[in-house]
Structures are given as structure tokens and as C-alpha cells.
1. Under 10 Å, Cα contacts only: if you run a Gaussian network model on the chain, which one of Leu106, Leu252, Leu286 comes out with the highest mean-square fluctuation?
2. In the stretch 238-299, what trypsin sites (Lys or Arg not before Pro) fall in a loop by DSSP, with at most 12 other Cβ atoms inside 10 Å?
3. If I take R0 = 41 Å and measure r between the Cβ atoms of Gln11 and Arg294 in this structure, what FRET efficiency does the formula 1/(1 + (r/R0)^6) give, to the nearest 0.05?
4. Tell me, in nm to one decimal, what length is gained between Arg310 and Ile195 on full extension, where the rule is 0.36 nm per residue of separation less the Cα-Cα distance?
5. So which of Lys30/Lys304; Lys9/Lys116; Lys24/Lys116; Lys51/Lys116 end up more than 32 Å apart by C-alpha?
6. Using 0.36 nm times the number of residues separating Thr222 and Glu26, minus their current alpha carbon distance, what extension gain do you get?
7. So how strong a dipole does the stretch 217-308 carry about its Cα centre when Lys and Arg Cβ are +1 and Asp and Glu Cβ are -1, to the nearest 20 debye?
8. So what is the relative contact order for the stretch 3-187, in percent, with contacts set as C-alpha pairs under 8 Å and at least six apart?
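The numbers here are math on the coordinates, done by the rules we state, and not lab data. Note that the coordinates shown come from a computational prediction; the quantities given were computed from them, not determined experimentally. Note that we place each Cβ from the backbone using ideal geometry, even for glycine, and neighbour counts take in every protein chain shown.
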Amino acid sequence: MNIDRIQAKSQEIVQEVERVIVGKDETLKKAVLTLLCNGHLLIEDIPGVGKTTLAKALAKSIGGEFRRVQFTPDILPGDVTGTSVFNQRDAEFSFRPGPIFGNVVLVDEINRATPKTQSALLEAMEERTVTVDGETRRLPRPFFVIATQNSVEMTGTYPLPEAQLDRFFGRVSLGYPSRESEIDILSRQQVSHPIELVSTIIQPEELIELQNEVRDVFVHETIRAYIVDLVRATRESPHLLMGTSPRGTLHLMRAGQAQAAMNGSEFVRPDDIKATAELVLAHRVLPRAEARARGETAEDLIRKVVETVRAPVPVS
């Protein structure tokens, strides 16, 4: 395990993507952390804040193949996974891969498709395979899904089912840029789009190595117990109708490992878990109606849980 390499490469990727996504350093770090954990990212935001640009820039920075799926109400599962097409010349069926066969796959406006099409992503995201006509095919490695979602209050959207949400490692929001950042964006894009200037930092094979090395970051038994206590607290919270799944427990540990490695540490500290709790847990919980009426978001309630669960003494 080479912690220095993980830290250096992750910082370089963040800095490279910052050439096109201005003033969103923390969000970019969370995106790269998700990538290092071999997870998938859900970006929930309004249109036009740079979600597609972020996905393209990440794909270029890791030297991966970028594919895009634009979800609409009439899109079918086969439009995502691929279909078998009859070849008249050979008198047999041949498989035509869908856009899911890429290294970085942008699923744009995922909540505009019907639940049936949304569910087509479940196997791909969890198993890294696609099954069509009874035959299972492996997806490329690395495989990173970035899905964008508009607010469910917007016209023509379908709420994502809990099973789908749980497949995402983390959820982030870009939000509007600051005044200074928006002026900078105008300056940078006056003549050309800076996405053309993004360089490849690592190759896909090296990214896979980094993903494997992140798993070797040491997690003390007290940290594992702390992670479980945090997750159990979401299940027992009077403000939450649904708590975090066991998959969320595992993802929180992975996030802590990646956070530690990106900070140059060979072991996970309680602060690493606290720093990633909102990213990993907020989209997996369901606030009660009373909490929503008070204007409390899932992120607010996760912060309350973190504040109430006692952290262990940092391991030295």
C-alpha cells in the first residue's frame, strides 16, 4: 500500500477537474473519494450547474471511456443495457452493447425515467454485469456511474426507489457558484470550453490499483464499532422513518478508508468517519413527516446523529 501515491494522485485529479468546475473543491473531493471506493455517485441538483461537465472531466482525468444515457419517460431498459439484434446475413442474433458499457457512465436525469428502466441499472451498479436474453456480460473496469437527479418536485419526475438509492455510494449537490466563481467561469469559457484542456492523470489500470490499495487502510476495531453505532443510531432515531442499510455500514467504512488515504494517513480516525457520514448516509435515510415539516433535511438529521453518538478516542 502506497499512501503517498493515493494522496498525490487524488489531489492531482481534483486539481485537474477544478479547471472546469470552479469553486467546488469539497464536492470534487467527495466525487474522487467515491471513485477511489469503487462506488457510484448521485448528484442531486437543478439543471445547468455543471453536472455533465463534472462527469466528462473525471472521465478524461482517469483516461476512461465516457458514455452518456439521457433518461426520458419513453426510454426502455434495452436502451441502457443493450439488445440482441438479428443479423440476416449470418442468420443469428448478435449483441449490440448499450451505453452502460463504459468506464464513466453519466445517467442524466435518472428520475425522469420510469421505475422499470431505473431498475435496469440495479444489476449493473451492484454486480458490474449486464444480463440480456439469459446471457451475462461483464462491464468494463473501472466502472463508475454518475447519475444526476432533478428535484422530485419538478415536472415529469419519478422518485427513485429505496433499492436504487442504496446502490449509490454517495450523494452530493453542486449548487450555485459564488459570485467570484461565476465571473471566473465567464472568463474561462469566453472563447472555448476548458474541458478540452483537461489532462489524463492516471490510466484505468492504475485507478484499479489505487482502489485495491484503499481497502488496505487499517481500520481499528473501535472504529468499526463506532461505524456500526452511527448506523444503528439512524435506525433508532425518532426523526427518521427508515435508517441506513448494512450496505451503508460497509460503504461508510470504505469512505473512511479513502478519506484517511487522501489525507495521507495509513489508518482511519473518527474524524474520517464524521467527515464522510453525510455523503454516505443521507440518501439512505427517510425523514419523518414532522421533521420535513420543520424544514430539516436528511443531511441535518445525519449531523444530529453524528453529534449524539460518542466517538472513540483517536487511535495513535
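1. Result for the chain, Cα springs under 10 Å: Leu286 fluctuates most.
2. For trypsin sites (Lys or Arg not before Pro) across the stretch 238-299 that sit outside H, G, I, E and B with at most 12 neighbouring Cβ atoms in 10 Å, the list reads Arg294.
3. 0.55
4. 37.0 nm
5. From Lys30/Lys304; Lys9/Lys116; Lys24/Lys116; Lys51/Lys116, over 32 Å: Lys9/Lys116; Lys24/Lys116.
6. Result: 67.8 nm gained on full extension.
7. Dipole size: approximately 280 debye.
8. Across the stretch 3-187, relative contact order equals 30 percent.
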